[in-house]
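Read the structure below first, then the notes.
The values are calculated or read from the model by the stated rules, or taken from the named source; none is laboratory data. No experiment lies behind these values; they were computed from the predicted model shown. In this analysis, Cβ positions are derived from the backbone assuming ideal geometry, glycine residues included, and neighbour counts consider all displayed protein chains.
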């Protein structure tokens, strides 16, 4: 019987990232997908700064930045004219190594992840479908339909449902998926075209109630058009053609279509599963939460789910933590998913609202306010922090303790960079580690050395104070680079007590 540590259902970005992180951490992952090939009509485009920061751990960030497209600005159109421009090239400067908007289409993104996964000897098993599964005492027994039509019974310690909004895993667990469906039909078109909206920047049409955006891709003159349809055409979604929607782009943004590469329509839901974990089965990505495309959050949130779960599964499977560590996956990720769904719903409702007042707000007030907001550093920083997901934190949750400087337990470690170096360099290591900014005690140095816990001591510099880091205390960092402990003292017993209380042995097996 085929055995694996983790059986992953679904080979979209969420499932692929989970398989990749687990493989890097020495876990035997098996990943299956019922589709015969990776998707080609993908909708997700933005790779947010927080995702790129985490991708540094596997050397993926540089490849995406090289292959993708950095967007210099967002332009807003009303009545056939660009009326406001929001610069984006340095919008998050000083906050992250990736202070920009990166466009890298999901289909290309998946191909990159598949390439990297294969370097670990793991391939996606295509045309392979999960028929059902059950949990026994120490694992999961699953029934699969293979590419040749034969059925296979296999075993795994854990099962991960990364199988999308219609998740078989979620349905098998009988987990509720409350929420609703937007009335609009969305369309996405990959086109080769020319015109003022094809200058390598993002363009959004604010006219009327239908939404339309032009997202630039790396190749010159190539872009994705993403829009909505709400009138009687929406009732014929299955037969909707590009010709039925393209006139708006041509008229409002002066787009000259030269070639249509592909066109797809879809409906969007806003839902969050009641639970992200049932026993040894987990839900991630669209299987756990779906929401409007506003802000380009969907794919990035699924990737965040995968990285959060991967290091915890690896710790438990290696004997480096007790199984109760896995309880923190749901509590940490479900709170963010619920907040995200509420936020993107409000934004999307504003952008697509109907009526005279809504039209006035979009076409008159928004073009006036956008440049005003862009002129203030605080408003630009707030917008970037929110959209880039660097604000996402696990404050007040089980694995988060203390405050030092402006940094709380559960926060993403702030990035500090000057001519003398970058405090993120050591985060490429997928382990627990300790950061000290300033001086530390001999006891801390000796304890970390004895327990094989990496310790980074940085000489105090103004850049650290500007980033909000505390002086002469310490930060215990989780393998996913979030702060576990923020402490003003330099007593290693605080770390020892933390690991003991949470049943974690990060130095398990160290020589």
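Worth a mention:
- Any hit, region 180-191, residues being under 30 Å from residue 308 (Cα atoms), at pLDDT 95 or above and surrounded by 17 or more Cβ atoms within 10 Å (Cβ to Cβ): no
- Options 219, 213: the member that is without any contact (Cβ under 8 Å) to a residue 60 or more places away in the chain, assigned to a loop (DSSP other than H, G, I, E, B), under 24 Å from residue 39 (Cβ atoms) and outside the structural domain of residue 289 (by TED's automatic domain parsing): 219
- In region 332-344, the residues that are closer than 15 Å to residue 411 by Cα reach residues that are surrounded by fewer than 20 Cβ atoms within 10 Å (Cβ to Cβ) and modelled with pLDDT of 90 or more with C-beta atoms within less than 6 angstrom, at least six apart or across chains, in these pairs: 332/397.
- Those strands (runs of 3 or more DSSP E) lying entirely in region 114-164 with at least 1 residues assigned by TED's automatic domain parsing to the domain that holds residue 17 and over 19 Å from residue 1 (Cβ atoms): 151-161
- Members of region 326-342 found to be out of contact with any strand residue (DSSP E or B) (no Cβ under 6 Å at 6 or more places or on another chain) and either farther than 18 Å from residue 396 by Cβ or outside any helix (DSSP H, G or I) (or both), listed by number: 326, 342
- Residues being touching a strand residue (DSSP E or B) at 6+ places or on another chain (Cβ under 8 Å), in a loop (DSSP other than H, G, I, E, B) and on the phi > 0 side of the Ramachandran plot - total across region 391-445: 3
- The residue of region 255-273 that is modelled with the highest pLDDT, among those that are more than 20 Å from the chain's Cα centre (by Cα) and within 30 Å of residue 342 (Cα to Cα), is 263.
- Checking residue 503 against (1) surrounded by 15 or more Cβ atoms within 10 Å (Cβ to Cβ); (2) in contact (Cβ under 8 Å) with a residue 40 or more places away in the chain; (3) within 24 Å of residue 26 (Cβ to Cβ), the condition it does not meet: (1)
- Identity of the residue in region 165-195, without any contact (Cβ under 8 Å) to a residue 12 or more places away in the chain and outside any helix (DSSP H, G or I), that ends up farthest from residue 235 (Cα to Cα): 174
- So residue 198, is it assigned to a loop (DSSP other than H, G, I, E, B), assigned by TED's automatic domain parsing to the domain that holds residue 86 and either without any contact (Cβ under 8 Å) to a residue 60 or more places away in the chain or crowded, with 16+ Cβ neighbours inside 10 Å (or both): yes
- The condition of being in contact (Cβ under 8 Å) with a residue 40 or more places away in the chain and either surrounded by 24 or more Cβ atoms within 10 Å (Cβ to Cβ) or under 16 Å from the mean Cα position of the chain (by Cα) (or both) holds for residue 289.
- Set side by side, the residues 100, 76, 104 differ, and just one is in contact with a strand residue (DSSP E or B) (Cβ under 6 Å, 6 or more places away or on another chain) and closer than 20 Å to residue 412 by Cα, which is 100.
- The one condition in (1) touching a helix residue (DSSP H, G or I) at 6+ places or on another chain (Cβ under 6 Å); (2) at pLDDT 95 or above; (3) surrounded by fewer than 18 Cβ atoms within 10 Å (Cβ to Cβ) that residue 40 fails to fulfil: (2)
- Condition met for residue 465 (under 24 Å from residue 325 (Cβ atoms) and modelled with pLDDT of 95 or more): no
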